[in-house]
Amino acid sequence: MNDSVIKEPATPLSAEKSKAKTNVITEENNDAYTTVGQAFSEKAKMSMRDVDVFYGEKQAIYDVNLDIGTNEVVAMIGPSGCGKSTFLRCLNRMNDTIDTCKVTGKFLLEDQDINDKKMDVVPLRARVGMVFQKPNPFPKSIYDNVAYGARIHGLADRKSDLDDIVETSLQKAGLWNEVKDRLQQPGTSLSGGQQQRLCIARTIAVSPEVILMDEPCSALDPIATARIEELIDELSQNYTIAIVTHSMQQAARVSHRTAYFHLGKLIEVNETEKVFTNPDHDLTEAYITGRFG
């Protein structure tokens, strides 16, 4: 990782100063806060520069610069409405589906500009898959849920090839042993945690390079959450992962770097342990210690 600082780093405040500072955080003084820490990576899989996002005339993201490294897990945290999910959705152009949304800046997947007019979003979303907050299996069998992407992208010419993709994907998602004898049952018949792992299997069946996860455990019980977190760790051996989470404990458990967003700005990016033990920015410190958020 580079020792990257976008602008002059802030000096961590004492508890008294930090508390006083957070008492005057408003949208009006938002310009006072700029990114500090390690926003860039020497082995970037995705690179985002000068990103602004607008919903109509309202700006939701301000001048964000961030790299996500190859086989790295980056967690995005921050209060509700801070822009972390909006930013995540930019990474595979999900915001294209919102008529009032305007996205500016550069988004590179390795050396390819994902917003290039020649870039087809269908193969892009195969390369940069997404797992949503609420499990959303298709109204199809378990087998057909996983096989769906491979079929539409023409990844399997023979039934045996498709069978292999389904089995391998379910194994990677830690679900094969639980469903191998009922592949023709509806995906919706599974428990919530199993449905989320089915959605992850469906995502990895098309061999993505990047997996985006938008609060993938928020609807799950603690046992299912623990299984998904174990899975994230296993998947990071082969995939680059960006996860949005409201749980700071989850961010601490699963990620290599953590990015803290506040009022649409990326305040700090650092190694996860540093963010949670010795953050560079007073806003980060105030959030993780519960003084606001």
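Note on region 184-219: residues that are surrounded by fewer than 19 Cβ atoms within 10 Å (Cβ to Cβ), farther than 25 Å from I68 by Cα and either free of Cβ contacts under 8 Å to residues at least 40 places away in the same chain or out of contact with any Leu (no Cβ under 6 Å at 6 or more places or on another chain) (or both) amount to 7.
Those residues that are in contact with a Phe, Trp or Tyr (Cβ under 8 Å, 6 or more places away or on another chain), assigned to a helix (DSSP H, G or I) and surrounded by fewer than 23 Cβ atoms within 10 Å (Cβ to Cβ), I need them from region 167-183; list them, please.
If the condition is that a residue be in contact with a Phe, Trp or Tyr (Cβ under 8 Å, 6 or more places away or on another chain), assigned to a helix (DSSP H, G or I) and surrounded by fewer than 23 Cβ atoms within 10 Å (Cβ to Cβ), then E167 is the only one that fits.
Can you find, within region 280-292, the residue that is modelled with the lowest pLDDT among those that are of a type outside the set (A, V, I, L, M, F, W, C) and out of contact with any strand residue (DSSP E or B) (no Cβ under 6 Å at 6 or more places or on another chain)? Per the criteria, the residue is R291. Per the conditions (1) touching a helix residue (DSSP H, G or I) at 6+ places or on another chain (Cβ under 7 Å); (2) over 30 Å from A44 (Cβ atoms), the sole criterion not satisfied by N177 is (1).
This table checks each residue for (1) in a helix (DSSP H, G or I); (2) aliphatic (A, V, I, L, M).
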{"site": "P216", "(1), (2)": "no, no"}
{"site": "I223", "(1), (2)": "yes, yes"}
{"site": "A242", "(1), (2)": "no, yes"}
{"site": "Q250", "(1), (2)": "yes, no"}
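Checked against (1) in a helix (DSSP H, G or I); (2) touching an Asp or Glu at 6+ places or on another chain (Cβ under 7 Å); (3) buried (at least 19 other Cβ atoms within 10 Å of the Cβ), N270 passes all but condition (1).
The values are calculated or read from the model by the stated rules, or taken from the named source; none is laboratory data. Remember, predicted model here, so these are calculated numbers, not experimental data. Cβ: placed from backbone, ideal geometry, glycine included. Neighbour counts: every protein chain shown.
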